[in-house]
Amino acid sequence: MATPLLLGALAVLLAGPVPALLARLPRTRTTPRAAMVLWQAVALAAVLAALGAGLSLVTSTAWRRAPDLAPYAIATAALLVTVLVLGRLLVSGHLVGTDLRALRRRHRDQVDLLAREDERVTGAAAVRVLEHDLPLAYCVPGRKVERVVLSVGALDRLSPDEVTAVLAHERAHLQARHDLVLEAFGVLHHAFPRWVSSAAALAEVRLLVEILADRAAARDGRRRALGSALVTLAEGRVAGPDYALAAAGSDPSLLVRVRLIGDRGPHRLQAALLLTLAGAVLVVPTAFVVLPWLTGLN
Amino acid sequence: MPLRSLGDLERSVMEQLWAAPDTGPDGGAHEGLTVREVHGALSEDRDLAYTTVMTVMDRLARKELVTQEKDGRAYRYRARASRAAMTAELMRETLADFDAHDRRTALTAFVEDASAEDVAALRRALDQLDPA
């Protein structure tokens, strides 16, 4: 009877308080890669623990020759909840996945059609320039649709070095397939939007992904160019001619990013600690709770 | 003759449609171009099968980038809007996508959004960065 309780408690901790706490530790952003691994480990362990709690409750009450009515009812309820949780995840995964891919395909089709030639980015593969004064730079992720899009407004405001830095940042997103990690956390948030810290997790992972792309772009002495590109494009969004078109809301993550561009690290001890925690979160429950339960079934 | 990609062809067709005049010969709204008219214009500098152009224009209609109206036995095609209007529309959609913030977004922005206060703080932080 201990196994379902342990796994249940673990699931509750890993779905709520632990991510909430982790999101309040901004120092983890100085080792973005290790932090990403930890976040993914916590999310995976939370899901596995939740499913394991349900399944172990089924086996601990109904895994006998002739269970009584009460244990049988509990087992059925547990199985139902587990199936619902898994079903919700799969349905969300499907809905979010097809939705995102359809949106990206449509966007890519329109961008390819409306794009202009621009000598400031000739030769750069999969880069498209849109003729609009609002300064925008973004990418369309996905193996078959990947594009980096810049507006004329952005190219007009950025120096050649800054353009190189922005392109390197966007390409880093595409090459590292950050969209997949964001999709996974998006699915979790879609499936379980309340009572768990899925929103905080998604927000933090989105920031980490930007920091990772900044890191990739800031190599080769491009730190300054990357920072000034960030500030220039932020400025352009506020003061541009299409002010009515731009939402001009606040984005605190920009300040975090500019500050971290100057952080040279490498913070090896912190990275090692976070990676160890990631390993522990997955290995310790598996070794001390799941394996004894599974072997005890025989 | 270089093999043109389908994307290039779609763009060439759109350019023909965008270049079509706004008013027709009788002074009313232009009715749109037929496949034959577009094929004629495009074949001037390349070898292009009529059916290829027809397929491309049909695809554009299905993607709702052009409107398709029957005129007797042929279809007449018009671009959904001018290039500038379609670009502005795409920019609006892109910004709306960024506004989704904590919900899932299809695109990844370099700078999602900013306010005037952000920019002031950003400039100060940038000044504190040591070069390179």
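Stretching A:Ala216 away from A:Ala73 to a fully extended chain increases their span by 46.0 nm, per 0.36 nm per residue minus the current alpha-carbon distance. For the pair B:Asp71 and A:Arg120, a Förster radius of 45 Å applied to the C-beta separation gives a FRET efficiency near 0.55, rounded to the nearest 0.05. Of the beta bridges DSSP finds with both residues in the protein assembly as shown, what % are antiparallel, to the nearest 5? In the protein assembly as shown, approximately 80 percent of DSSP beta bridges are antiparallel ones. For segment A:174-189, backbone nitrogen atoms closer than 12 Å to the point 7 Å from A:Asp99 Cα along Cα-to-C-beta are found at A:186-189. Which residue fluctuates the most in chain A, going by a Gaussian network model with Cα springs under 10 Å, if the choices are A:Ala216, A:Ala23, A:Ala70? Looking only at A:Ala216, A:Ala23, A:Ala70, the biggest GNM fluctuation is shown by A:Ala70. Only helices enter this figure: runs of n ≥ 4 DSSP H residues, each worth -39500 (n - 2.57), summed and divided by the residues of chain B, yield -15500 deg cm²/dmol at 222 nm to the nearest 500. Of the trypsin sites (Lys or Arg not before Pro) in segment B:1-92, the ones in a loop by DSSP (not H, G, I, E or B) with at most 12 other beta carbons within 10 Å are B:Arg46, B:Arg73.
Cα-based Rg of chain A per 2.2 N^0.38 Å, rounded to two decimals?
Values: Rg = 23.4 Å, N = 298, 2.2 N^0.38 = 19.2 Å.
So the Cα radius of gyration is 1.22 times the expected 2.2 N^0.38 Å.
Would you list A:Ile211, A:Ile74 from fewest to most Cβ contacts within 10 Å? Can you show the working numbers first?
Details: A:Ile211 23, A:Ile74 17.
Starting with the residue having the fewest Cβ neighbours, the order is A:Ile74, A:Ile211.
On the basis of the beta-carbon distance and an R0 of 22 Å, A:Arg88 and A:Leu44 show a calculated FRET efficiency of 0.85. The gain in end-to-end length when the A:Asp161 to A:Leu291 segment is fully stretched comes to 41.3 nm, 0.36 nm per residue minus the alpha carbon separation. In this structure the amide hydrogen of B:His30, modeled in the peptide plane, comes within under 5 Å of the amide hydrogens of B:Thr23, B:Gly24, none closer than 5 places in sequence on its chain.
Inverting the mean 1/r over all pairs of different Cα atoms, compute the Kirkwood radius of segment A:38-185 and quote it in Å. Computed over Cα pairs of segment A:38-185, the Kirkwood hydrodynamic radius comes out at 19.0 Å. Could you please report the charge total around A:Val163, scoring K, R as +1 and D, E as -1 over all other residues with beta-carbon less than 12 angstrom from its beta-carbon? Surrounding charge for A:Val163 is -3.
Please give the average number of partner chain Cβ atoms lying within 10 Å of the Cβ of each residue in B:82-88, rounded to a whole number. List each step's numbers first, then the result.
Values: counts 0, 4, 3, 0, 3, 11, 6.
Across the residues of B:82-88, the mean count of other-chain Cβ atoms within 10 Å is 4.
Farthest toward the positive end of the dipole of segment A:2-297, out of A:Ser253, A:Phe288, A:Gly93, is the Cα of A:Phe288, where the dipole comes from beta carbon charges about the Cα centre. What does the C-alpha gyration tensor say about the overall shape of segment A:174-298? Classify as rounded when a/c is under 1.5, otherwise prolate if a/b is larger than b/c, or oblate. The shape class here is oblate.
FRET efficiency for B:Arg46 and A:Arg177, Cβ-Cβ distance as r, R0 = 45 Å, nearest 0.05?
Numbers: r = 37 Å, r/R0 = 0.83.
Efficiency, from the Cβ-Cβ distance: 0.75.
Extending 7 Å from the Cα toward the beta-carbon at both A:Ser250 and A:Asp263 defines two label points whose distance is 2.1 nm.
Hey, got the average number of other protein chain Cβ atoms within 10 angstrom for residues in A:222-232? Provide the component values of the computation, followed by the final result.
On the way: counts 1, 4, 5, 1, 2, 6, 4, 2, 6, 10, 4.
Shielding by partners across A:222-232 averages 4.
Among A:Ala115, A:Ala53, A:Ala287, the largest mean-square fluctuation in a Gaussian network model of chain A, built with springs joining Cα atoms closer than 10 Å, belongs to A:Ala287.
Would you work out the charge dipole size for the protein assembly as shown about its Cα centre, treating the Cβ of every Lys and Arg as +1 and the Cβ of every Asp and Glu as -1, and quote it to the nearest 20 debye? Working shown, then result.
Working: 51 positive and 49 negative charges, 375 e Å.
Magnitude of the dipole: close to 1800 debye.
Just so you know, all these numbers are worked out from the coordinates, no wet-lab data involved. None of the values given here were measured: they were computed from a predicted structure. We place every Cβ from the backbone using ideal geometry, glycine too, and count neighbours over all the protein chains shown.
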